[in-house]
Amino acid sequence: MTTTSVDIESQSNAGPTLEQRLRRALEAEQFVLHYQPKMDARSRSITGVEALMRWNDPVNGLIDPAQFIAVLEQSGLMSEVGRWAMKQALVDVRRWRELGLKIRVAVNVAGVQLRDTRFIEFVREAIAQSGVNDAMDLELTENGLVEDVEGSIRTLRGLREIGVNVAVDHFGSSQSSLPYLSRMPVQSVKIDSIFVDGAVRDAGTKTVLGTLISLAHALGYKVIAKGVESEEQWKLLRSLHCDEVQGYLFSPARPAANITRMLQVQSAPRRFLR
């Protein structure tokens, strides 16, 4: 099932505002999670999944978060919806673990969530309720982390103490943030698709991409490249020693049931013809 691109903002002019509709969506449990696999860059085996939110609107069907995330943040709903997403992702991980499918899930965290003084407490409670304490990564943007460097460092240390890994999204998008990021206890970084897309067409961008990967490895980070859409891009990233890759070449974001089948196929015993 694909997401819909509609002008949901203009639709609200004749009735409830988009904020009101989103509040109702939360109450009516209309938000759903789809998952995009992350693959080992060499073997192309699934190493984890990223949870991506969708709004299953009764009128327009599945709506991409790009069309409503800004309103969630402006209205103060982001923290509540973010808590729901984290709990749901852990529920799905527990189901996969019960099937013998060991996988980690990455959940995106907005800056407003990170600045909540109760954030670590909520994460700890969500993990305890799920019964799975070694399966979650949190993805945060560079900008969200450097808004309050010292506060971010304290929060990240607290997350590490409860077994949560942290990935920095859009790594390299802001050179001014690199000195701050080098101080933060994060485990991996995600390189934006703009570098991946440009590297196969432009020698300068390829140099930047290789430099970012080398820099991240020098800082002790695992490197994930997102937005991989062609074999050429994948082969380039593999040659540059990128650790993991993610994108439409391997799979779009899919419902949890589809991911279950993909993991079961991957974990099934291989039979070789003599």
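The values are calculated or read from the model by the stated rules, or taken from the named source; none is laboratory data. Because the structure is predicted, anything quoted here is derived from the model rather than measured. Quick reminder, even Gly has a Cβ in these numbers, built from the backbone with ideal geometry, and neighbours come from all protein chains shown.
Before moving on, here are some points about what is shown:
- Residue within the range 56-73 that is small (Gly, Ala, Ser) and in contact with a helix residue (DSSP H, G or I) (Cβ under 7 Å, 6 or more places away or on another chain) present: no
- Which listed residue, of 162, 191, is within 20 Å of residue 106 (Cβ to Cβ) and more than 16 Å from the chain's Cα centre (by Cα): 162
- Condition broken by residue 207, with the remaining ones in (1) of a type outside the set (Asp, Glu); (2) in a strand (DSSP E or B); (3) at pLDDT 95 or above satisfied: (2)
- Check on residue 137, charged (D, E, K, R), part of a helix (DSSP H, G or I) and modelled with pLDDT of 85 or more: no
- Listed by first and then second residue, the pairs linking a residue in the range 244-267 that is farther than 19 Å from residue 230 by Cα and surrounded by fewer than 16 Cβ atoms within 10 Å (Cβ to Cβ) to a residue that is charged (D, E, K, R) and modelled with pLDDT of 95 or more, with Cβ atoms under 8 Å apart and 6 or more places separating them unless they lie on different chains, form an empty list.
- From 90, 72, 22, residue being closer than 20 Å to residue 145 by Cα and crowded, with 20+ Cβ neighbours inside 10 Å: 72
- Odd one out for residue 212, checked against (1) surrounded by fewer than 18 Cβ atoms within 10 Å (Cβ to Cβ); (2) out of contact with any Asp or Glu (no Cβ under 9 Å at 6 or more places or on another chain): (1)
- Residue 241 vs. criteria outside any helix (DSSP H, G or I), surrounded by fewer than 19 Cβ atoms within 10 Å (Cβ to Cβ) and either under 16 Å from the mean Cα position of the chain (by Cα) or at pLDDT 95 or above (or both): yes
- The criterion of at least 1 residues that are within 22 Å of residue 251 (Cα to Cα) is met, among helices (runs of 4 or more DSSP H) falling completely within the range 40-133, by 78-98.
- The range 173-188, residues that are under 17 Å from the mean Cα position of the chain (by Cα) and either more than 20 Å from residue 136 (Cβ to Cβ) or of a type in the set (A, V, I, L, M) (or both): 173, 186
- Number of positions in the range 145-184 that are in contact with a Lys or Arg (Cβ under 8 Å, 6 or more places away or on another chain), at pLDDT 90 or above and either buried (at least 16 other Cβ atoms within 10 Å of the Cβ) or part of a helix (DSSP H, G or I) (or both): 7
- Residues located in the range 45-86, provided they are closer than 30 Å to residue 268 by Cα and hydroxyl-bearing (Ser, Thr, Tyr): 45, 47
- Candidate set from the range 194-204 (those that are over 13 Å from residue 173 (Cα atoms) and not small (Gly, Ala, Ser)); member that is surrounded by the most Cβ atoms within 10 Å (Cβ to Cβ): 197
- For the range 222-238, a tally of residues being of a type in the set (Asp, Glu) and exposed (fewer than 14 other Cβ atoms within 10 Å of the Cβ) returns 2.
- The conditions of being within 17 Å of the chain's Cα centre (by Cα), farther than 22 Å from residue 47 by Cβ and not small (Gly, Ala, Ser) are met by residue 114.
- Residue list for the range 24-56, filter: over 24 Å from residue 140 (Cα atoms) and in contact with a Phe, Trp or Tyr (Cβ under 9 Å, 6 or more places away or on another chain): 25, 29, 30, 44, 56
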